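The values are calculated or read from the model by the stated rules, or taken from the named source; none is laboratory data. Predicted model, so just to flag it, every value in this text is computed and none were measured. A quick note on method: Cβ atoms are made from the backbone with ideal geometry, for glycine too, and the neighbour counts reach across all protein chains shown.
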Amino acid sequence: MKPLYLTKSRYMAGLQCSRRLWLTVHEPPDWTKAESGSVKEIGTKIGEKAHLLFPGGILIEELPWQHAEAVARTNAFMSDKSVTAIFEAAFEHGGLRIRVDVLERLPRGRWGLREVKSSSSVKQHYLDDIAVQVRVLQEIGIKLGSVELIHIDNEYVRGKRGVSWQKLFKRVEIKAETANILCSVPDRICELMTCLRKRKEPRIEPSSHCWSPNPCEFYDRCVADKPEDWVAYMPRIKETHLTSLRDSGIESIAAIPEDFPLSHQQRIIRDVLATGRTFVSPDLGRLLETFSPPAFYLDFETVGPALPLYAGTRPFQPIPFQWSLHRLDAKGNLSHQEFLADGKADSRREFVETLLKALGKSKAPIIVYSSFEQTQLKTLAAEFEDLHEAITAVIARLRDLLPIVRGAVYHADFQFSHSIKAVAPALCPDFGYSDLDHVADGQAASNAFNQLASADLDAATALELRQALLAYCCRDTLAMVEVHRALVKLAAKGDA
């Protein structure tokens with residue numbers, strides 16, 4: 001039997017859920033390489049860039065399964081006073097194996113622990129992550145003079161000469177904050193090791209902890225025996241209400257009693273699932289009056305990279321890079337225009353100028369799905385003063401379809417979501433996104449463009465990503481067209 005041990009990631013998984021820890025160790029998911037442009041891949045890249053803050057530092061290159069070798073190499077570098085910092089320093093004590101992002105040599109035989117995060121602030125669960133590292137280092141006799149969290153400074157603005165790594169990162173001393181929770185670490189370790197020694201996985205009821213602080217990779221497994229209308233799927237349901245339903249043996253939304261305290265929207269969902277009849281508000285026709293064709297249907301895609309791509313932009317700042325525009329005329333004829341930046345330079349001005357040209361002098365309503373486009377247009381209006389008036393005129397024509405869907409319609413196949421990707425296939429059975437390759441949601445679109453903008457891609461890969469982006473954004477505005485048509489039909493049936 002292989003020895004049981006904890007790592008930083010296992011420790012954090014266990015704090016979130018003992019079942020997640022047990023499954024991580026005894027039935028781990030297949031290892032997959034982080035996708036280019038993904039959050040995990042970007043986090044790794046940011047960790048590497050943080051090394052630039054420590055000239056003369058040396059990386060421990062041994063892989064996780066080469067832990068003993070990594071520990072030996074770490075000890076050798078610690079003995080070599082010419083080494084100013086050690087990246088991915090490896091240590092082990094009492095069944096705990098850790099890799100420290102940066103171990104910085106300080107005066108008088110002391111060391112500084114540096115944890116690097118790709119976020120823009122200090123979060124509570126980061127302290128737990130760091131505390132377990134501090135515990136190991138203290139137990140093996142390493143004197144810590146400082147404990148820092150290094151994170152992205154979202155107020156930093158990239159200059160014309162590129163990213164200044166010293167200014168991009170913010171170093172926050174958190175030794176005192178970490179010390180406040182160190183006393184709880186030994187008991188937590190004992191509890192987690194006891195969990196690992198169990199022959200069967202703990203039975204933990206899925207709940208809000210499944211998503212905080214991170215989504216659990218075993219969630220689908222843990223809810224496999226739940227009904228399709230499990231009460232926990234009810235939007236915005238209170239934990240106290242879930243507990244009450246669970247204590248009453250009620251797991252299905254359709255079985256929730258009529259006198260149970262639910263919001264207006266929750267009662268609609270319960271009634272639809274119980275009766276199988278789609279809810280359509282008698283006000284739907286009136287609500288759609290200002291949406292009538294001729295009309296435009298508009299969708300934006302943005303990227304908000306931790307490492308700012310262009311001069312004058314900040315970390316995580318949303319940068320619009322793509323728009324799709326369908327036009328439905330009074331006769332029912334549909335046309336389409338689109339824009340996709342090349343990614344090599346800041347194309348925000350081109351983005352908005354091409355959009356203004358496509359919209360022309362028409363006064364027709366511009367239908368969107370959420371307030372996202374309005375927010376981005378307001379930002380662009382502030383950025384380009386000479387275009388402020390034209391952009392403001394566009395904003396005045398926006399008509400948001402999402403509040404109408406959310407308040408006036410509910411279909412059983414919405415699956416507890418009002419996103420366009422849930423609503424369109426439910427109201428228009430022949431419509432969907434399943435045939436799209438590479439890019440089928442907003443996060444994938446952002447990742448794809450980040451690759452186009454920051455990676456050295458071959459021509460074939462770049463073309464494939466561009467085609468995938470264009471197909472996806474076009475599908476989103478086409479979805480709005482189809483949803484609008486379906487809503488008009490539902491309203492007509494209600495009026496009949």
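Here V185 passes the criteria (1) surrounded by fewer than 17 Cβ atoms within 10 Å (Cβ to Cβ); (2) without any contact (Cβ under 8 Å) to a residue 60 or more places away in the chain except the one numbered (1).
How many residues, within the range 388-403, are over 30 Å from A422 (Cβ atoms) and crowded, with 18+ Cβ neighbours inside 10 Å?
So the answer is 1.
Among the residues in the range 424-439, are any free of Cβ contacts under 8 Å to residues at least 60 places away in the same chain, more than 27 Å from the chain's Cα centre (by Cα) and farther than 30 Å from V231 by Cβ? Yes. The residue list A440, A479, A445, A492 contains one member that is modelled with pLDDT of 95 or more, of a type in the set (G, A, S) and out of contact with any Leu (no Cβ under 9 Å at 6 or more places or on another chain), which is A479.
For the range 335-348, the criterion of being crowded, with 22+ Cβ neighbours inside 10 Å, under 21 Å from K489 (Cα atoms) and under 29 Å from the mean Cα position of the chain (by Cα) is satisfied by no residue at all.
Residues that are surrounded by fewer than 18 Cβ atoms within 10 Å (Cβ to Cβ) and not aromatic (F, W, Y) do not occur anywhere in the range 319-327. Say we look at the range 101-153 and pick out the residues that are closer than 19 Å to C183 by Cβ, polar (S, T, N, Q) and under 34 Å from the mean Cα position of the chain (by Cα); which of these is surrounded by the most Cβ atoms within 10 Å (Cβ to Cβ)? Ranking the qualifying residues of the range 101-153, first place goes to Q133. Considered as a group, the residues in the range 282-318 that are of a type in the set (V, I, T) and either surrounded by fewer than 15 Cβ atoms within 10 Å (Cβ to Cβ) or under 17 Å from the mean Cα position of the chain (by Cα) (or both) include one that is farthest from K167 (Cα to Cα), and that residue is T290.
Checking G47 against (1) within 33 Å of the chain's Cα centre (by Cα); (2) more than 21 Å from I130 (Cα to Cα): exactly one of these is not met. Which one? For G47, the failing item is (2). Against the numbered list (1) touching a Ser or Thr at 6+ places or on another chain (Cβ under 8 Å); (2) loosely packed, with under 12 Cβ neighbours inside 10 Å, P257 comes up short only at (1). Answer yes or no: is there a residue in the range 425-445 that is part of a strand (DSSP E or B) and under 26 Å from P318 (Cα atoms). Checking the range 425-445: not a single residue is part of a strand (DSSP E or B) and under 26 Å from P318 (Cα atoms).
Note on the range 206-241: residues that are under 15 Å from G14 (Cα atoms), surrounded by 12 or more Cβ atoms within 10 Å (Cβ to Cβ) and not polar (S, T, N, Q) total 9. Please indicate, with yes or no, whether at least one residue in the range 369-385 is out of contact with any strand residue (DSSP E or B) (no Cβ under 9 Å at 6 or more places or on another chain), at pLDDT 95 or above, of a type in the set (S, T, N, Q) and surrounded by fewer than 17 Cβ atoms within 10 Å (Cβ to Cβ). Yes, that holds for at least one residue. What's the total number of residues in the range 463-492 that are within 15 Å of F296 (Cβ to Cβ) and of a type in the set (G, A, S)? The qualifying residues number 1. From the list I174, I189, the one residue that fits, being under 18 Å from S9 (Cβ atoms) and in the same structural domain as K49 (by TED's automatic domain parsing), is I189. Of the residues making up the range 132-151, those that are touching an Asp or Glu at 6+ places or on another chain (Cβ under 9 Å) and either of a type in the set (S, T, Y) or in a helix (DSSP H, G or I) (or both) are Q133, V136, S146.
Could you please let me know if A448 is within 28 Å of I404 (Cβ to Cβ), hydrophobic (A, V, I, L, M, F, W, C) and either outside the structural domain of S419 (by TED's automatic domain parsing) or assigned to a helix (DSSP H, G or I) (or both)? The answer is no for A448.
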